[in-house]
Amino acid sequence: MGKTTKKFETEVQQLLDLVIHSLYSNKEIFLRELISNASDAIDKVRFESHSNMELLEGNADWKIKLYADKEAGTLTISDNGIGMNMDEVAENIGTIAKSGTKNFMASLKEKNLADNPELIGQFGVGFYASFMVADKVILTTRKAGEKQFGCRWESTGDGSYTIEECEKETRGTDIVLHLKDEMKEFLEEWRIRAIVKKYSDYVQYPVVMDVTRSEPVKDQDGKVIEGGGTIDTTTEETLNSMKAIWTRPKSEITEEEYEEFYKHISHDYDKPLSTIHYSAEGVSEFKAIVYLPSHKPYDLFLRDHKKGVHLYVKRVYITDNCEALLPDYLRFIKGVVDSSDLPLNVSREILQEDVQIKRIQKSLVGKILSTLAEMKEKDFDTYLKFYEEFGPVLKEGVHFDFANREKIQDLLLYESSKTENGKYVSLKEYVERMPEAQKEIYFITGMSRASVENSPYMEVFRKKDFEVLYMTDPVDEWVVQAIHQYQEKHLKAIDRGDLELESEEEKKEAEAKKEEAKKEYAGVISFIQDTLKEQVKEVRLSSRLTESACCLVAEEMGLNANMEKILKSMNQ
Ligand code: ADP
Ligand code: MG
């Protein structure tokens with residue numbers, strides 16, 4: 001069959017025009033796309049060779065090779081993957097049906113990308129990304145096991161392409177990019193290295209390149225010969241680390257490897273506190289390694305804190321800042337998620353709403369919370385270290401993650417009137433050791449243990465031997481608003497509204513006493529009320545104090561003193 005010229009489908013041409021003419025800010029991603037296709041193609045032949053050894057043609061030395069030819073101005077990406085025959089080239093290249101670009105086209109219509117070219121930079125467009133940097137692309141390919149049917153495809157991206165039979169000795173695909181004049185930087189070794197490192201470091205096949213170095217001429221013993229000049233030696237170097245450690249079985253990964261990987265992705269110099277490595281199957285397929293750091297980063301409470309979970313799709317790097325992967329209250333978690341379900345060309349905007357990402361998030365959050373629960377049970381000391389660093393952030397979850405509220409509640413720890421300094425009680429333990437007569441869970445909020453401990457509100461609780469939780473973290477104010485009750489016991493602030501501490505009999509007795517006292521002290525009370533009328537809402541006789549003469553009480557629905565302090569400090 002001779003050479004045929006075909007027209008691109010209208011949609012493909014539209015896409016190409018956009019790619020070529022729009023301000024595509026992130027041009028380097030073309031290499032990511034082509035390496036990813038090469039890696040997919042190797043995946044395929046590798047998989048199929050399990051049932052048909054002949055496909056290997058004696059070559060199972062999987063490799064993606066890059067050739068930069070400065071004289072010709074070409075960059076070639078060559079793989080020994082499955083390859084394509086004529087029909088497959090016609091079907092896959094030059095149509096929109098097959099490729100991940102479908103996604104792109106969908107959002108093109110939806111979001112009117114044609115009018116907003118700056119948005120396009122956030123997309124990958126698969127094979128067509130080649131045309132961002134090249135004004136001519138030649139693809140030569142030969143399918144595994146079909147030695148006589150090589151195929152050559154060529155296009156300049158303006159309307160049409162040619163396709164013809166050709167000979168190709170080796171299995172796989174070569175893509176030759178004739179780089180545009182202003183894109184010659186992509187022939188530089190350092191540039192190529194950096195891009196491969198950035199986007200394809202964990203591709204599980206070696207991405208290699210011939211590197212030529214001038215070295216001084218040496219004698220037989222390896223000693224440099226003075227005045228002997230230099231000699232060029234060329235070696236094939238592997239540019240990626242291929243360390244997709246999350247794809248390896250847990251049992252084969254050493255502690256050191258987990259640590260090194262943590263340091264690599266987190267830029268933390270310390271060891272992680274704990275590592276969670278797991279894979280999910282079923283509705284959502286992904287692998288994840290996530291770490292609990294051992295200390296909090298300086299910017300944990302700053303608004304633009306970068307979340308630490310990197311997203312990969314089939315071992316290809318997508319982003320290190322996928323907001324949607326974890327809720328805010330787990331923003332301290334570092335790690336990587338590698339999904340098998342997402343398209344490579346997924347954009348940031350799409351990620352925010354993607355159902356697959358939501359599924360991953362749900363699974364990930366569940367796993368992290370159950371790991372924490374287990375750690376709390378079995379390795380309390382480690383849990384405590386975690387809690388002292390990240391407890392205040394985790395608590396935000398009680399407020400914001402309704403679905404997991406109960407699980408998070410059980411992770412909370414508080415000092416209390418019955419713990420020593422620096423020792424904690426959980427809500428569960430608190431309820432377990434409540435005396436029969438106690439009906440509610442009591443807490444007091446404040447700036448520090450010392451300040452709440454000495455509060456006059458505490459007196460009656462000490463007398464009754466009721467435990468009071470010390471909530472001394474600013475975020476606790478929000479926690480208690482969200483929890484309301486635990487195991488059907490209401491959480492009750494001891495400095496807000498009325499407290500029901502007495503039994504029925506005690507109540508009647510107290511009521512009688514109070515009436516009497518009210519009469520007796522009516523004069524004093526109204527005097528105080530008049531004197532303080534600018535400062536307080538009401539002056540009441542109270543049974544809550546046993547040693548102090550008076551105290552300030554907030555209204556049940558009002559802000560308490562601590563909350564007022566917090567809001568003031570936030571300038572509200
Ligand atoms: P996607 O990778 O999302 O499918 P692309 O535009 O990157 O979209 O590629 C389109 C199709 O072309 C691929 O699905 C694959 O069938 C084929 N293809 C591209 N590159 C190669 C390659 N190096 N080897 C074999 N097939 C390839
Ligand atoms: Mg692709």
In segment 262-283, is there at least one residue being within 29 Å of MET209 (Cβ to Cβ) and in a strand (DSSP E or B)?
-> no
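If you scan segment 454-475, which residues turn out to be among the hydrophobic types (A, V, I, L, M, F, W, C) and more than 25 Å from GLN409 (Cα to Cα)? Quick ask: steps written out before the conclusion?
Narrowing segment 454-475 to residues among the hydrophobic types (A, V, I, L, M, F, W, C): 458, 460-461, 466, 468-469, 471, 475.
Within segment 454-475, VAL460 is the sole residue that qualifies.
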Does any residue in segment 125-137 that is farther than 13 Å from HIS21 by Cβ come within less than 6 Å, Cβ to Cβ, of a residue that is assigned to a helix (DSSP H, G or I) and within 9 Å of ligand 1 (Cβ to nearest atom) six or more places away or on a different chain, and which pairs are these?
-> VAL125/THR101; GLY126/GLU33; GLY126/THR101; ALA129/GLU33
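For segment 163-193, name all the residues that are within 16 Å of ligand 1 (Cβ to nearest atom), of a type in the set (A, V, I, L, M, F, W, C) and in contact with a helix residue (DSSP H, G or I) (Cβ under 8 Å, 6 or more places away or on another chain).
Within segment 163-193, the first condition is being within 16 Å of ligand 1 (Cβ to nearest atom), and the residues that meet it are 163, 166, 168, 170-177.
The next check asks that each one be of a type in the set (A, V, I, L, M, F, W, C); those that pass are 163, 166, 175-177.
Within segment 163-193, ILE163, ILE175, LEU177 meet the criteria.
Which members of segment 479-507 meet the condition of being among the hydrophobic types (A, V, I, L, M, F, W, C) and modelled with pLDDT of 85 or more? If you could, list the steps in order and put the result at the bottom.
Taking segment 479-507 as the starting set, the residues that turn out to be among the hydrophobic types (A, V, I, L, M, F, W, C) are 479-480, 482-483, 491, 493-494, 499, 501.
Result: VAL479, VAL480, ALA482, ILE483, LEU491, ALA493, ILE494.
Listed here are the residues, each with its yes/no results for (1) surrounded by 11 or more Cβ atoms within 10 Å (Cβ to Cβ); (2) more than 30 Å from THR140 (Cα to Cα).
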residue: HIS178; (1), (2): yes, no
residue: ILE192; (1), (2): yes, no
residue: ILE195; (1), (2): yes, no
residue: TYR202; (1), (2): yes, no
residue: MET209; (1), (2): yes, no
residue: THR212; (1), (2): no, no
residue: GLN220; (1), (2): no, yes
residue: LYS223; (1), (2): no, yes
residue: ILE231; (1), (2): yes, yes
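Condition first: over 30 Å from ASP201 (Cβ atoms) and among the aromatic types (Phe, Trp, Tyr). Now tell me which residues in segment 1-57 satisfy that. Give the derivation first.
Restricting attention to segment 1-57, the residues satisfying the condition of being over 30 Å from ASP201 (Cβ atoms) are 1-14, 17, 21, 51-54.
If the condition is that a residue be over 30 Å from ASP201 (Cβ atoms) and among the aromatic types (Phe, Trp, Tyr), then PHE8 is the only one that fits.
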Pairing a residue in segment 180-209 that is closer than 26 Å to SER155 by Cβ with any residue that is in a loop (DSSP other than H, G, I, E, B) and at pLDDT 95 or above, where Cβ atoms lie under 7 Å and the two sit 6 or more apart in sequence or on different chains, gives LYS184/GLY73; LEU187/LYS70; VAL196/LEU239; VAL207/LEU239; MET209/LEU239
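Keeping to segment 11-69, report how many residues are among the charged types (D, E, K, R), under 17 Å from ASN92 (Cβ atoms) and either modelled with pLDDT of 90 or more or within 16 Å of ligand 2 (Cβ to nearest atom) (or both). So that I can check it myself, show each step before the final result.
Going residue by residue through segment 11-69, those that are among the charged types (D, E, K, R) are 11, 17, 27-28, 32-33, 40, 43-44, 46, 48, 54, 57, 61, 63, 65, 69.
From what is left, the residues that are under 17 Å from ASN92 (Cβ atoms) are 11, 33, 40, 43-44, 48.
If we keep only those that are either modelled with pLDDT of 90 or more or within 16 Å of ligand 2 (Cβ to nearest atom) (or both) as well, we get 33, 40, 43-44.
Counting residues in segment 11-69 that are among the charged types (D, E, K, R), under 17 Å from ASN92 (Cβ atoms) and either modelled with pLDDT of 90 or more or within 16 Å of ligand 2 (Cβ to nearest atom) (or both) gives 4.
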For residues that are farther than 12 Å from LYS334 by Cβ and modelled with pLDDT of 80 or more, tally how many sit in segment 297-314.
-> 4
Give the residue that is nearest to the chain's Cα centre (by Cα), with candidates limited to residues of segment 266-294 that are within 25 Å of PHE390 (Cα to Cα) and at pLDDT below 85.
-> SER266
TYR199 passes all but one of (1) at pLDDT below 95; (2) part of a helix (DSSP H, G or I); (3) over 22 Å from ILE265 (Cβ atoms); which number fails?
-> (3)
Members of segment 26-55 found to be surrounded by 13 or more Cβ atoms within 10 Å (Cβ to Cβ), away from ligand 1 (no atom under 12 Å from the Cβ) and either farther than 20 Å from ILE77 by Cα or of a type in the set (Gly, Ala, Ser) (or both), listed by number = GLU48, SER49, LEU55
Restricting segment 202-223 to residues that are assigned to a strand (DSSP E or B) and touching a helix residue (DSSP H, G or I) at 6+ places or on another chain (Cβ under 8 Å), the residue that is nearest to ligand 1 (Cβ to nearest atom) | VAL207
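Tally time: how many residues in segment 323-357 are in a helix (DSSP H, G or I) and either among the acidic types (Asp, Glu) or over 13 Å from the mean Cα position of the chain (by Cα) (or both)?
The initial filter retains those residues of segment 323-357 that are in a helix (DSSP H, G or I), namely 323-325, 328-330, 348-353, 355-357.
Retained after the next criterion (residues that are either among the acidic types (Asp, Glu) or over 13 Å from the mean Cα position of the chain (by Cα) (or both)): 323, 328, 349-350, 353, 355-356.
Number satisfying all stated conditions: 7.
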Inside segment 1-17, can you point out the residues that are touching a Ser or Thr at 6+ places or on another chain (Cβ under 8 Å) and in a helix (DSSP H, G or I)?
-> VAL12, LEU15
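The values are calculated or read from the model by the stated rules, or taken from the named source; none is laboratory data. Note that the coordinates shown come from a computational prediction; the quantities given were computed from them, not determined experimentally. Neighbour counts are summed over all protein chains in view; Cβ atoms, including those assigned to glycine, are modelled from backbone coordinates with ideal geometry.
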